[in-house]
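Some notes on the structure that comes next.
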Amino acid sequence: MSLIFTKEGEERMKILEKIKVNVQNYRIKFNDIAEEWLAQKENEIKQSTYANYRYLINKYLTPELGKISIKKLEEYNYNQFIRDSVENLSSKTVRDIFIVLKSILKFATKKYKCNINVEEIKMPKLNIENIKVLSNREKNKLEKYCLAHDKLRNMGIVICLYTGLRIGEICAMKWKDIDLDKREIYVKNTLQRSYEKEGDKTKIIIDTPKTKNSIRSIPISNKLYVILKELKSKYTEEDYLLTR
């Protein structure tokens, strides 16, 4: 008798659990899942990356998906959503949206056992423009103009021409990172303007580069050495290369 009761009890518990899951899947929305995903990511990634993820979610994902329940997310046409996004956005932004969206949906399928076939969501074909490289004539013309106009911004452009430094790297650089005796520039940090957690306000973040390979030393050419030596006499070691 107790064996029959146990079997009936187990069946009843399974039915109740199924009802509970169905109710949960109608109540929980994409916004809720995205917030849970962000909370999990916050301690795993850099602050600037976290801020970028939040910006992409708030700007591009929640306006369309935010109030959709898990149950309806199972039937949503994500490929159409991404194709529509391609029209007015850069290839990089579309790619970033695609990566964040898939990661959130994978998180949802694992935690809430929902039936979203994430692998069927495909990256659309993107029109990637070729990068235009300056010719020697253009490079010399730009350099001549910058040297004729004694502004820190212009000096920054010349230094980039000779070193290949990224904008964020040169903006985060201090004079102590430039060793004129050894004729080397040490790249240790990068500067980014990042979005705050809430709203569209931004803040400046100086942090280490994303990859270890980005921390490096760059040799100083003879021409760049003359430029830097003349500039360095005006600043202290703790001054930023492009002060203000």
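Structure values in brief
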| item | result |
| --- | --- |
| For segment 54-163: relative contact order, % (alpha-carbon pairs under 8 angstrom, 6 or more apart) | 26 percent |
| Residues with amide H under 5 Å from that of residue 220, placed H, sequence gap 5 or more | 184, 185 |
| Relative frequency of Cα-Cα separations exceeding 27 Å in segment 121-244, percent | 30 percent |
| Loop-resident sites, segment 142-202, for trypsin sites (Lys or Arg not before Pro), counting at most 10 other Cβ within 10 Å (DSSP) | 151, 201 |
| Ranked order, 162, 50 - accessible area, probe 1.4 Å, largest first | 162, 50 |
| Relative contact order for the chain, counting Cα pairs under 8 Å that sit 6 or more residues apart, in percent | 16 percent |
| Hull shadow area, averaged, the chain [alpha-carbon convex hull, nm²] | 19.6 nm² |
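The values are calculated or read from the model by the stated rules, or taken from the named source; none is laboratory data. This structure is a prediction, so every number in the text was calculated from the model and none was measured. Because the Cβ atoms are built from the backbone with ideal geometry, glycine has one as well, and the counts that use them run over all protein chains shown. Areas reflect the complete protein model, heavy atoms only, side chains present, ligands, DNA and RNA absent. Shrake-Rupley method; radii C 1.70, N 1.55, O 1.52, S 1.80 Å.
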